[in-house]
Amino acid sequence: MIRPTTQPQLSVPRQPEGLTPAQRTPEFVGRLLAAAEAMKSELENLREQADARRYHLEQVDRELRLAAKLQGDFLPAAMPLVDGMTFHSFHRGVGHVSGDMFGVDRLDEHHVGIHLVDAVGHGMPAALLAMFLGHAIQPKVIQEHGYELLPPGDVLKALNATLCNKGLSHGFFATALYAKANAATGQVDFARAGHPLPIHMAGDDVRYLGGDGALLGVIADEEFTPESIQLQPGDKLVFITDGAECLFADDRYGDQDAWLAAMTQRRDLSGTELIAEVARQCEATRPDDDVTVVVVERC
């Protein structure tokens, strides 16, 4: 049996076609026109705000690009040429500007100073701090009849005191490493301030070196324990910032064991080839942190 359909209990009445008599009055039409004008004015206002924001963002982008170019001018344009050692470097910032800064500077006929600085954080504040610290490093003291090359621990101690004595309004910290390499003898002295451990590659023996000290900007009178290594012909030293430890890790976070294993697998590469391998891996993984790698190779 077919049951007759029933009307639903709730129904929406159909709207009459066209305007109702009340909507045909001049007063109603006037209200519609006024509402349309108000909407037009609001749209114009929103368009002006969008244009202003777009201009502001473009201005910020231009300033960041100029800052990136300026920061790049503070990085080494070329590695120093000295008999007995070669130097190789790779640097990639994750944004326009980088919290990493490094330098490889000839100090005299035989000595080369190497520094890596990694400011805590990202963006412009970290970049400004890294540039300040890189510029504030003083590796030698000029005396009346010559100069004195300072031990790496003393270089970091003075740099740390400079940062602490600034009395910055916010807590700004950085890790750093400073090394003094004697290209004639192969001896490299270095000290660390909370910085990743360097790796010594000597044939099949690939291992981390030591050295210890707190972050820069924490304890004004901090001591930085110096370390020394004697490089033999063919040996390499690898200095990094912590972003490099992410390159061969299984996740996006740094892994000391993975980095050491990656360097062990590549122990037979030359300094040039090792830097090229780091560059390829960085391009493939696109890490979320700035990456700096410096390789010292004994000839």
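The values are calculated or read from the model by the stated rules, or taken from the named source; none is laboratory data. From a predicted model like this one, the values you see are computed outputs, not experimental measurements. So basically every Cβ, Gly included, is an ideal-geometry build from the backbone, and we count neighbours across all protein chains shown. Just so you know, the surface numbers come from the protein's heavy atoms only, side chains and all, with ligands and any DNA or RNA stripped out. Shrake-Rupley method; radii C 1.70, N 1.55, O 1.52, S 1.80 Å.
Work through the residues other than L150 whose Cβ is under 15 Å from its Cβ and net out their charges, Lys, Arg +1 and Asp, Glu -1.
Values: positive: K140, K157, K180; negative: D105, D108, E148, D154, D189, E223.
Summing Lys and Arg as +1 and Asp and Glu as -1 gives -3.
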Across 5 Å bins from 0, what is the distribution of all Cα-Cα pair distances for segment 121-187, in whole percents? 3, 13, 22, 21, 17, 11, 7, 4, 1
Determine by what factor the alpha-carbon radius of gyration of segment 124-272 differs from 2.2 N^0.38 Å, reporting the quotient. 1.14
If one compares the long axis through the Cα atoms of helix 123-136 with the longest principal axis of the Cα atoms of the chain, the angle in degrees, nearest 10, works out at 20
Using a Förster distance of 41 Å, the FRET efficiency for L46-T25 (Cβ separation, nearest 0.05): 0.85
Estimate the FRET efficiency between T264 and V141 by the formula 1/(1 + (r/R0)^6), using the beta-carbon distance for r and 51 Å for R0, to the nearest 0.05. 0.80
Summed over the other residues with a beta carbon less than 9 angstrom from that of S98, with K and R at +1 and D and E at -1, the charge totals -1
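Counting only GluC sites (Glu not before Pro) that sit in a DSSP loop (anything but H, G, I, E, B) with at most 10 other Cβ atoms within 10 Å, what is the longest stretch of the chain containing none of them? Don't jump to the answer; show the numbers that get you there.
Numbers: sites that count: E17, E109, E144.
Segment 145-299 is the longest.
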For segment 258-299 and segment 151-212, compute the distance between their C-alpha centroids and round to whole Å. 19
Using Cα atoms only, what is the angle between the long axis of helix 152-165 and the major principal axis of the chain, expressed in degrees (0 to 90) to the nearest 10? 40
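Any number yet on Rg/Rh for the chain, C-alpha, Kirkwood? Write down the numbers at each step before the final one.
Values: Rg = 31.3 Å, Rh = 23.1 Å.
Here Rg/Rh amounts to 1.35.
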Tell me the volume per residue, in Å³, of the convex hull enclosing the alpha carbons of segment 184-299. 107
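Please work out the FRET efficiency for the pair A35 and V60, using the Cβ-Cβ distance as r and a Förster radius of 45 Å; give the result to the nearest 0.05. Before the final figure, lay out the partial values.
Details: r = 37 Å, r/R0 = 0.83.
According to the calculation, E is roughly 0.75.
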What residue among A34, P287, F132 has its Cα farthest toward the positive end of the dipole of the chain, where the charges are +1 on Lys, Arg and -1 on Asp, Glu, each on the Cβ? A34
K157: which aspartates and glutamates have alpha carbons under 18 Å from its alpha carbon, excluding same-chain residues fewer than 8 sequence positions away? D118, E148, D189, D212, D221, E222, E223, E227
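Once the other residues with Cβ under 11 Å from the Cβ of M131 are scored (Lys, Arg +1; Asp, Glu -1), what is the net sum? Working shown, then result.
Numbers: positive: none; negative: D73, D100.
Local charge sum for M131: -2.
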Per residue solvent-accessible surface (Å²) - segment 110-212, probe of 1.4 Å: 42
In a Debye calculation with equal point scatterers on the alpha-carbon sites of segment 30-173 and no solvent, what is log10 I(q)/I(0) at q = 0.11, 0.12, 0.13, 0.20 Å⁻¹? -0.60, -0.67, -0.74, -1.25
Carbon and sulfur atoms account, in whole percent of the 1.4 Å probe accessible area of segment 208-264, for 47
In Hz, Karplus ³J(HN,Hα) per residue of segment 93-99 (6.51, -1.76, 1.60; θ = phi - 60°; x = Gly, Pro): x, 7, x, 4, 10, 10, x
T86 accessible area, assembled protein chains, probe 1.4 Å, Å²: 50
